[in-house]
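Enquirer: There's a structure below that I have some questions on.
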Amino acid sequence: GEYVDPKTQQYGSFINHTWTRSYMGGLYVQDRWRIGRDLTVNAGLRWEAQGDMYDVEGITAIPSFASIRGPSTGEFAPGVLSGNNNPTASVGIHPYPPDWLNFAPNVGIAWNPTADNGLLGKLLGGKKTVFRAYWGQTIYDEGTQFFAQNLGTNTGKFVSQTLIPGQSVLPTFTTLSQLAANPVTPAAFTGIPSYSPILNQAQQTFQAGFSGMNPHLKAPYIDNWSIGIQRELAKSTVLEVRYVGNTAHDSWRTSDVNEINVFENGFLSEFQNAQNNLNINAAHGQSNSFANMGFAGEKALPILDAAFGPRGTVPAIAAGSGYSSTTFIGYLQNGAVGSLANTLATNQNYVCRMFGNSFSPCTLPRIQPSATQQYNAPGAYPINFFMMNPFDAGQLQFVDNTGWSSYNGLQVQFRKQYYKGLTWQANYTFSKSLSNTGADSANQGANFITLRNEQLDRRPSPFDVRHIVQTFGTYDLPVGKNRKFAINNSLLDGIVGGWTASSVLVWSTGQPAQLTGNFDTFNGTWSGGVQLAPGVTLDEISDMFHGQALQKINQSGNSNSVFNRAGATDLTRLAVAPQLIGPDGRANPQYLTVNTTPGTIGQVLYIYGRNNFSWDASLIKNFRFKERFRFELYGAATNILNHPAWGLGSTTLYSTSFGTTGAPSGSRSMTFKGTLYF
């Protein structure tokens, strides 16, 4: 493959760069009003303008919305064609217009009521209580990585071709040594054009796809709100309780919009008929084929006949790649209708037999097997039979505003301001965070379970930690000059006096993990989900995941060990409760099973990881020499107790390492530092 030089606009040995730029800015007004002696109101308005992202050098190819859909008018409508049989991508255009009109208001109040008498006076402590409330919007910028990692990887500035030894379009290339002696340049590629401001998607079908952005993309925003009460309990001691929430709207998200269809085209029924044929053939001693062999009860498979049979002068595919394919038989046995449909929809050997010369990529020289074997006849099925845009066979990444998230939390905070050498703060948070994007990446890339029902992706956020307790503070040890236990000797004070200790302790519950299946029973992207056995609850499964056995260091001084499913000890594996593991190392079907019913989604289940605990501490002391010099001695320890942190373990049911995890993390680390200031 070769990259284009933006100056010469020629392909060659050029370094790949994405020159992405966007502009944003805003103006805001803010004011405060003292409405009364005990009530203050803050309010403001921000105007935010966001420019669009674009390639500074103008070499990135960008498909229009019509070209994203390709020959279809919409999703899941096989045979309903738009007439756009030549979708393109244009170089140098902007994918979406600027978003100028974004207004984000905010308002907050603080009320410090006075009540000196009665029960209310005792509760409020005179003027020692403050009520606060806030609501506001924030417009934010998603960042240029959405452009760089999607449109920035589109074909156009990069050109490639797969070379096959002996292929007729490159007759001199029959061995690797010949290729090494005569490097192939882009000019020798057959079917790939020179750099052009308009690229036909058909030229890259079966080799590379295109990513796009919604032409109506707009700036995302967040609604934030909080309400709380603060009460002074004693001198320099405050307790605050508040409810905090936010919801993100119109967040950018990257997902594949070329979802495999097995319903409206009748392929699910054909798959079930193929399963039926496989079972009947096996009963007659022919377990290596799912073809209709004429046995009683078998059914015709016209779609598969078209995918495996001849087309034009191209002969039928070999039996090992068709009705006798061990891979395809495995799909049938496990209900993976999406996997079989995805293979047929993205592999040129099946696509071109189904669509023939009705699908223009199949007529390119690099696709034709030979001069005498051509896809020179129309196919039996419409070209959007399996997916909306077959010209982007495989994933068609699309950036739009379908992302969202929410957070709701109860926060309790205890603060001790500096008093007699001590500062201390303790927090407890109980929260719930939801999202429809189970990804933490620069371009929020995550496919929907299905575009047919986006509500199925309502899930715990990857950052959903339900309970957190944090304490941190500092304490001036009461030994030294001007402290409770004063030391007047300068040498002794320099050694044992003037030390300050600090501590940070955090305990939290674990983050969510999804229990996953292994078979694409619905489309080409969803792994089919799982199924709880009758009478089994998700809480029981969660308890089993947290029920590992851990041995301490034994009397002979050996390392920590854990019992794995075989009963042996192994530092690299941490087993869940033994009954959850089956004899083959996979999930025990008495509790959990992988969904293998074609055309179904299965259960979408999440469990939470193990609790986490950490304690960090430090000591610091300052030595002063005369007035100009100060020396600081600092020592810190992270994870001071050397507490191991075990992962949750594999949550993939079909994996033979289900329920196991690697070695623990979290070893103690100590740092010592001396700094001279002058």
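Enquirer: Looking only at the stretch 597-635, count how many residues are open to solvent by less than 60 Å² (accessible area, probe 1.4 Å) and not in a strand (DSSP E or B).
Expert: 8
Enquirer: Against the condition among the basic types (Lys, Arg) and either under 30 Å from Val262 (Cα atoms) or more than 34 Å from the chain's Cα centre (by Cα) (or both), how does Arg668 come out, does it pass? Spell out how you get there, then give the answer.
Expert: Values: among the basic types (Lys, Arg): yes; either under 30 Å from Val262 (Cα atoms) or more than 34 Å from the chain's Cα centre (by Cα) (or both): no.
No, not satisfied.
Enquirer: Any idea which of Gly403, Gly338, Gly330, Gly409 is farther than 26 Å from Gln204 by Cα, assigned to a helix (DSSP H, G or I) and out of contact with any Leu (no Cβ under 9 Å at 6 or more places or on another chain)?
Expert: Numbers: Gly403 fails: assigned to a helix (DSSP H, G or I); Gly338 fails: farther than 26 Å from Gln204 by Cα; Gly409 fails: assigned to a helix (DSSP H, G or I).
Answer to the check: Gly330.
Enquirer: Could you figure out which of (1) part of a loop (DSSP other than H, G, I, E, B); (2) under 24 Å from Gln470 (Cα atoms) isn't true of Ser431?
Expert: The number of the failed condition is (1).
Enquirer: Being open to solvent by 30 Å² or more (accessible area, probe 1.4 Å), modelled with pLDDT under 85 and over 30 Å from Ala341 (Cβ atoms) narrows it down to one of Gly674, Gly567, so name that one.
Expert: Values: Gly674 fails: modelled with pLDDT under 85.
The match here is Gly567.
Enquirer: Continuing with this model, one more query. Go through the residues of the stretch 202-225 one by one and say whether even a single one is of a type in the set (Val, Ile, Thr), open to solvent by less than 20 Å² (accessible area, probe 1.4 Å), part of a loop (DSSP other than H, G, I, E, B) and more than 23 Å from Phe147 (Cα to Cα).
Expert: Residues of the stretch 202-225 of a type in the set (Val, Ile, Thr): 205, 222.
Still in the list and also open to solvent by less than 20 Å² (accessible area, probe 1.4 Å): 205.
The next check asks that each one be part of a loop (DSSP other than H, G, I, E, B); those that pass are 205.
Still in the list and also more than 23 Å from Phe147 (Cα to Cα): none.
No, the stretch 202-225 contains no residue that is of a type in the set (Val, Ile, Thr), open to solvent by less than 20 Å² (accessible area, probe 1.4 Å), part of a loop (DSSP other than H, G, I, E, B) and more than 23 Å from Phe147 (Cα to Cα).
Enquirer: Another question, then. For residues that are surrounded by fewer than 16 Cβ atoms within 10 Å (Cβ to Cβ) and of a type in the set (A, V, I, L, M), scanning just the stretch 266-291, find the one that is farthest from Tyr323 (Cα to Cα).
Expert: Taking the candidates together, the pick is Ala283.
Enquirer: Quick check on the stretch 497-515. Is at least one of its residues open to solvent by 40 Å² or more (accessible area, probe 1.4 Å), modelled with pLDDT of 90 or more and assigned to a loop (DSSP other than H, G, I, E, B)?
Expert: Yes, there is a match, as at least one residue in the stretch 497-515 is open to solvent by 40 Å² or more (accessible area, probe 1.4 Å), modelled with pLDDT of 90 or more and assigned to a loop (DSSP other than H, G, I, E, B).
Enquirer: Which of the residues that make up the stretch 246-294 are of a type in the set (Asp, Glu) and in contact (Cβ under 8 Å) with a residue 60 or more places away in the chain? Step through it out loud before you land on a result.
Expert: Step one: filter the stretch 246-294 for residues of a type in the set (Asp, Glu), giving 250, 256, 259, 264, 270.
Listed by number, the residues that qualify are Asp250, Asp256, Glu259, Glu264.
Enquirer: Test Leu477 against the stated conditions and say whether it is open to solvent by 50 Å² or more (accessible area, probe 1.4 Å), more than 27 Å from Pro598 (Cα to Cα), in contact with a strand residue (DSSP E or B) (Cβ under 7 Å, 6 or more places away or on another chain) and modelled with pLDDT of 80 or more. Before you say what the answer is, go through the steps one by one.
Expert: Working: open to solvent by 50 Å² or more (accessible area, probe 1.4 Å): yes; more than 27 Å from Pro598 (Cα to Cα): yes; in contact with a strand residue (DSSP E or B) (Cβ under 7 Å, 6 or more places away or on another chain): yes; modelled with pLDDT of 80 or more: yes.
It is true that Leu477 is open to solvent by 50 Å² or more (accessible area, probe 1.4 Å), more than 27 Å from Pro598 (Cα to Cα), in contact with a strand residue (DSSP E or B) (Cβ under 7 Å, 6 or more places away or on another chain) and modelled with pLDDT of 80 or more.
Enquirer: Can you report the number of residues in the stretch 331-375 which are open to solvent by 30 Å² or more (accessible area, probe 1.4 Å) and touching a Cys at 6+ places or on another chain (Cβ under 8 Å)?
Expert: Residues in the stretch 331-375 being open to solvent by 30 Å² or more (accessible area, probe 1.4 Å) and touching a Cys at 6+ places or on another chain (Cβ under 8 Å): 1 in total.
Enquirer: Here is a further query. Going through Tyr428, Tyr418 one at a time, which residue ends up being surrounded by fewer than 18 Cβ atoms within 10 Å (Cβ to Cβ), in contact (Cβ under 8 Å) with a residue 60 or more places away in the chain and hydroxyl-bearing (Ser, Thr, Tyr)?
Expert: On the way: Tyr428 fails: in contact (Cβ under 8 Å) with a residue 60 or more places away in the chain.
Tyr418 is the lone residue from the list that is surrounded by fewer than 18 Cβ atoms within 10 Å (Cβ to Cβ), in contact (Cβ under 8 Å) with a residue 60 or more places away in the chain and hydroxyl-bearing (Ser, Thr, Tyr).
Enquirer: I'd like to know if the stretch 447-466 contains one or more residues that are open to solvent by 50 Å² or more (accessible area, probe 1.4 Å), acidic (Asp, Glu), outside any loop (DSSP other than H, G, I, E, B) and more than 19 Å from Leu619 (Cβ to Cβ). So that I can check it myself, show each step before the final result.
Expert: Filtering the stretch 447-466 down to residues open to solvent by 50 Å² or more (accessible area, probe 1.4 Å) leaves 447, 452-456, 458, 463, 466.
Now drop any that are not acidic (Asp, Glu), which leaves 454.
Those left that are additionally outside any loop (DSSP other than H, G, I, E, B): 454.
Cutting the leftovers down to more than 19 Å from Leu619 (Cβ to Cβ) gives us 454.
Yes, the conditions are met somewhere in the stretch 447-466.
Enquirer: Quickly run through the stretch 516-540 and pick out the residues that are open to solvent by 20 Å² or more (accessible area, probe 1.4 Å), among the hydroxyl-bearing types (Ser, Thr, Tyr) and in contact (Cβ under 8 Å) with a residue 60 or more places away in the chain.
Expert: Thr516, Thr525
Enquirer: Report yes if some residue within the stretch 300-320 is under 33 Å from the mean Cα position of the chain (by Cα) and part of a helix (DSSP H, G or I); otherwise report no. Let's see the steps before the verdict.
Expert: Taking the stretch 300-320 and keeping what is under 33 Å from the mean Cα position of the chain (by Cα), we get none.
There is no residue in the stretch 300-320 that is under 33 Å from the mean Cα position of the chain (by Cα) and part of a helix (DSSP H, G or I).
Enquirer: Follow-up question, since we're still on this one. In the stretch 431-446, which residue that is at pLDDT 95 or above and surrounded by fewer than 16 Cβ atoms within 10 Å (Cβ to Cβ) is nearest to Ile139 (Cα to Cα)?
Expert: Restricting to residues being at pLDDT 95 or above and surrounded by fewer than 16 Cβ atoms within 10 Å (Cβ to Cβ), the top hit is Leu434.
Enquirer: Mind checking whether some residue in the stretch 467-488 is in contact (Cβ under 8 Å) with a residue 40 or more places away in the chain, aromatic (Phe, Trp, Tyr) and not in a strand (DSSP E or B)?
Expert: Taking every residue of the stretch 467-488 in turn, none turns out to be in contact (Cβ under 8 Å) with a residue 40 or more places away in the chain, aromatic (Phe, Trp, Tyr) and not in a strand (DSSP E or B).
Enquirer: When the stretch 56-86 is examined, which residues are found to be under 29 Å from the mean Cα position of the chain (by Cα) and open to solvent by less than 20 Å² (accessible area, probe 1.4 Å)?
Expert: Correct list: Ile59, Thr60, Ala61, Ile62, Pro63, Ser67, Ile68, Gly70, Ser72, Gly74.
Enquirer: Can I ask one more? On the given criteria, is Trp252 among the hydrophobic types (A, V, I, L, M, F, W, C), under 29 Å from Thr155 (Cβ atoms) and either part of a strand (DSSP E or B) or open to solvent by 20 Å² or more (accessible area, probe 1.4 Å) (or both)?
Expert: Working: among the hydrophobic types (A, V, I, L, M, F, W, C): yes; under 29 Å from Thr155 (Cβ atoms): yes; either part of a strand (DSSP E or B) or open to solvent by 20 Å² or more (accessible area, probe 1.4 Å) (or both): yes.
The answer is yes for Trp252.
Enquirer: Still on this structure, I have one more. Tell me, which strands (runs of 3 or more DSSP E) lie completely within the stretch 4-95 with 1 or more residues that are over 30 Å from Ala380 (Cβ atoms) and at pLDDT 90 or above?
Expert: Where strands (runs of 3 or more DSSP E) fall fully within the stretch 4-95 and carry at least 1 residues being over 30 Å from Ala380 (Cβ atoms) and at pLDDT 90 or above, they are 24-36, 39-50, 88-91.
Enquirer: Residues Asn106, Asn117: which one is loosely packed, with under 13 Cβ neighbours inside 10 Å and either within 30 Å of Gly44 (Cα to Cα) or at pLDDT below 85 (or both)?
Expert: Asn117
The values are calculated or read from the model by the stated rules, or taken from the named source; none is laboratory data. Since this is a predicted model, take the numbers as computed values, not measurements. Note: ideal-geometry Cβ built from the backbone for every residue, glycine included; neighbour counts use all protein chains shown. The protein model used for the area step is the full one, side chains on, heavy atoms only, and it has no ligands, DNA or RNA in it. Shrake-Rupley method; radii C 1.70, N 1.55, O 1.52, S 1.80 Å.
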